Amino acid sequence: MSVVLVGNGPPSALAAFARALSLDGRRITVVTDPSLAAYRAAGLARPRLHGIRAALDELRALAAGYRHRRRAGDRLQLGGSVLVDDDGRVVYHHRSESPGDLADPNDIVQAAMALLVERRAAGRRV
C-alpha cells in the first residue's frame, strides 16, 4: 500500500510543498497534475466561484489561528480523498464541496483498516 498526494501546482512547487508539510523522509509520493485530469477522473469539482460556505469556512479558519500559505496551482479546484486498492478498486471516496470540506481522517483510517483485513482474509500480502 502506498500514499500519493496529488496537487495541481507547477512541478517547481513540489519540493516546497513537501517541506511545508514535513513530508521529507516519509513514505509518501507527491505528484502534480496542472492539467487537472486526475481531479476530473476522481469527480472532484471546480466551481467558477466559491460560495458563502467557503467564506464561512475561511472565517472559522482565521478565527482558529490558521494563516494561509502562498498557494501554487488552481485556487478554485476542490480536493478530495480517494483510497484505491492495488487492483484499482475505489474503497473510499470523499469529494470536497467547499474549500473547508475535508474528509474525516477516521473514515479514511477505517476504510484502510477494512481493506487490510480483507486482504489478510484473502491470503494476500499486507
Inset, instruction - Write out the trypsin sites (Lys or Arg not before Pro) in region 31-126 meeting two conditions: DSSP loop, and at most 16 other Cβ atoms within 10 Å of their Cβ. - result: Arg48, Arg67, Arg69, Arg70, Arg71, Arg75, Arg89, Arg124, Arg125
Inset, instruction - For region 1-67, calculate the relative contact order in percent as a whole number, restricting contacts to Cα pairs under 8 Å that are 6 or more residues apart. - result: 34 percent
Legend entry - Theoretical ellipticity at 222 nm over the chain - DSSP helices of four or more residues, -39500 (n - 2.57) apiece, nearest 500: -9500 deg cm²/dmol
Inset, instruction - Only Cα pairs under 8 Å and at least 6 apart count here; give the relative contact order of the chain as a rounded whole percent. - result: 23 percent
Inset, instruction - Using only Cα atoms, tell me the angle between helix 105-121 and the longest principal axis of the chain; keep it within 0 to 90° and round to the nearest 10. - result: 20 degrees
Legend entry - Stokes-Einstein diffusion coefficient of the chain, Kirkwood radius over Cα pairs, 10 °C, 1.306 mPa s, in µm²/s: 97 µm²/s
Legend entry - Sequence-distant residues sharing a close amide H with Thr32 (under 5 Å, placed H): Gly7
Legend entry - C-alpha long axis of helix 52-63 to longest principal axis of the chain, angle in °: 90 degrees
Inset, instruction - Would you rank Glu118, Glu97, Glu58 by solvent-accessible area, highest first, keeping every protein chain in place and using a 1.4 Å probe? - result: Glu97, Glu118, Glu58
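The values are calculated or read from the model by the stated rules, or taken from the named source; none is laboratory data. Here the structure is a predicted model, which means the values were calculated and not measured. With ideal geometry, Cβ positions are generated from the backbone for all residues, glycine too; neighbour counts draw on all protein chains shown. We work out accessible area using only protein heavy atoms, side chains counted, and drop any ligands, DNA or RNA first. Shrake-Rupley method; radii C 1.70, N 1.55, O 1.52, S 1.80 Å.
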